[in-house]
Amino acid sequence: MNIQEKLLTEGVVVLPLEDLAFKKEVVQKLKSELQVDHLENIHSVVKPSEINNTRIKLFQLINSIPKWDLKWLAGCRSTVSMLLGPDLLVQTKLNLSIQMPSDDSSQLGIHADTLSGQSPFELVTW
């Protein structure tokens, strides 16, 4: 089964990034801001009561990266172009979700972006 067929039948395809540079840049900025060696350790420096303020601060940090949209696209350009064609529209902001261990209030449940008005024809990448 090719990528297009899998996406149509299963609704999701997991593929490796084509270029890791932007992911590395984002991870390094987040680790530096949080002063942790691994992002998995965020719970050791941020209390659950502080997580939303921290998320907003980190959201602003990653969205201040110059030309983040072009850098993001470099990580998946051939796959996205193959699925959608060369004419692409990228949202204006990156989003950031942080889920703390044993904190039910920070968990993002299963959802569909179309329920909040997004196009059913969008392609979401993580």
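Scan region 60-85 for residues that are over 15 Å from LEU123 (Cα atoms) and of a type outside the set (Gly, Ala, Ser) and jot them down. Break it down stepwise before answering.
We begin by selecting, within region 60-85, every residue over 15 Å from LEU123 (Cα atoms); these are 60-68, 70-71, 74.
Correct list: GLN60, LEU61, ILE62, ASN63, ILE65, PRO66, LYS67, TRP68, LEU70, LYS71.
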Count of residues meeting criterion [more than 30 Å from LEU8 (Cβ to Cβ) and touching a residue at least 24 places away in the same chain (Cβ under 8 Å)] in region 53-95: 9
Members of region 10-30 found to be small (Gly, Ala, Ser) and not in a helix (DSSP H, G or I), listed by number: GLY11
Boolean, GLU5 is more than 23 Å from SER119 (Cα to Cα) and at pLDDT 90 or above: no
Test result for LEU96, among the aliphatic types (A, V, I, L, M), modelled with pLDDT of 75 or more, under 13 Å from the mean Cα position of the chain (by Cα) and under 18 Å from LEU58 (Cα atoms): yes
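The values are calculated or read from the model by the stated rules, or taken from the named source; none is laboratory data. These numbers come from a predicted model, not from an experiment. Please note: Cβ atoms are built from the backbone with ideal geometry, for glycine as well, and neighbour counts cover all protein chains shown.
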